[in-house]
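Heads up, the thing below is written out as structure tokens.
Read-outs: derived from the displayed coordinates by stated rules, not from any lab. Computed from a prediction, not measured in an experiment: that's the story for all the values here. Cβ atoms come from the backbone with ideal geometry, glycine included; neighbour counts cover every protein chain shown.
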Ligand SMILES: Cc1ncc(COP(=O)(O)O)c(C=O)c1O
């Protein structure tokens, strides 16, 4: 018996996967060649699960800015901003984010995960009520645990359920904060934000939208779902990450809340961790410029996402309800999901294997995320590989019924 024996059920499940000849939690690239290609087990492989929505990770200007800043300011800040001070880049990035969103305030965190930990645990506390969509990302759940508000889950994407639960709080003291995501990370569906904003207005709650997967993807200027749905004025706090469309690492929150800056002296996941290195800040700043100056990237992304989604639907795979850059294919059981994922990888296609309990409705998923940098040919090759593996595993046409639910 060791101190970690309490996790033995997870170890047993993981070993079960490895018995199928794969180790999905320990994939190691020989080389990453571009936003859309790598060498995996000696084979040139299309990457179709990286969340690299705008394909900016190898952008020469972003790389150059990162190199310049690293050369001139060093590899790291070696401490938090409250202890070691602000670098000019931190302040410029916050100003650039505030300008982009047209908000008064922006705050940069070291990851998107920490942004949710920090913002959720600071906005609401003991005596307050935190209304979470049931399919919220782990960082949102963990943020809710770090604070002391009462956590109330409402049914995924169900404004009526949210309304009912808020009505039950009528007359009780405390703030209410509703938290939803722009595009949900598991099956790529969007929040019904207009309806949720209406509930927020009627019940006097605050509204926070995590645009991690929708920044650079949705809205006329890429600000996300709130912009696309035309309800930005109803959204009190927007959280996001640099680790997807902006191709680096880090997180942020923007808001018009007049006393927003008090967060800098009370928000522990901001105060008690090292700030982002100058190179990361510089490449993120450049990526934010590109996001705005090069709308073609967004158009290519949407074109690719629709092509891939429609291709999978036409073949009869069960996907999420909307053609967004996250396209998840449901699998009937874990064994089939692992076999499918392994064959895709052996055929030169790498994507995410998402297994219960990390998935909504306990369905194993083959989770893809499309990039603006994918060529149409790569999308078509990915579809052809899906068709081929689907055929091998009896998913196609006459075999569909065998797969139970994959119709
Ligand atoms: C909805 C959501 N919020 C926050 C995060 C955390 O982002 P980061 O990778 O910057 O920690 C993720 C990451 O996948 C996410 O999907």
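A few remarks follow.
- Highest mean first, the peptides 44-55, 225-236, 262-273 sorted by other C-beta atoms within 10 Å per residue fall in the order 44-55, 225-236, 262-273.
- C-alpha center-to-center spacing [the stretch 248-267, the stretch 377-395] in angstrom: 44 Å
- Gain on full stretching of the segment that runs from residue 32 to residue 313 - 0.36 nm per residue minus C-alpha separation: 98.2 nm
- Normalised alpha carbon radius of gyration of the stretch 282-401 [divisor 2.2 N^0.38 Å]: 1.15
- Helix 60-73 vs. the chain, principal-axis angle (Cα, 0 to 90°, nearest 10): 50 degrees
- Cα Rg over Rh - the stretch 1-159, Kirkwood: 1.03
- Antiparallel %, DSSP beta bridges [both residues in the stretch 60-293], to 5: 40 percent
- Rounded Å value of the spacing that divides the Cα centres of the stretch 138-194 and the stretch 292-349: 27 Å
- FRET efficiency, residue 15 to residue 361 (Cβ-Cβ, R0 35 Å, nearest 0.05): 0.90
- Potential extension, residue 392-residue 134 segment - 0.36 nm per residue separation minus Cα distance: 89.3 nm
- Where only alpha carbons of the chain are counted, the Rg and the Dmax (Å): 21.6, 65
- Degrees, to the nearest 10: 193-203 long Cα axis against longest axis of the chain: 40 degrees
- FRET efficiency, residue 342 to residue 375 (Cβ-Cβ, R0 22 Å, nearest 0.05): 0.30
- Relative to the longest principal axis of the Cα atoms of the chain, helix 334-346 runs at roughly 80 degrees.
- Alpha-carbon centroid distance for the pair the stretch 52-84 / the stretch 218-238, whole angstrom: 27 Å
- Between residue 1 and residue 272, the C-beta separation translates, for a Förster distance of 25 Å, into a calculated FRET efficiency of about 0.15.
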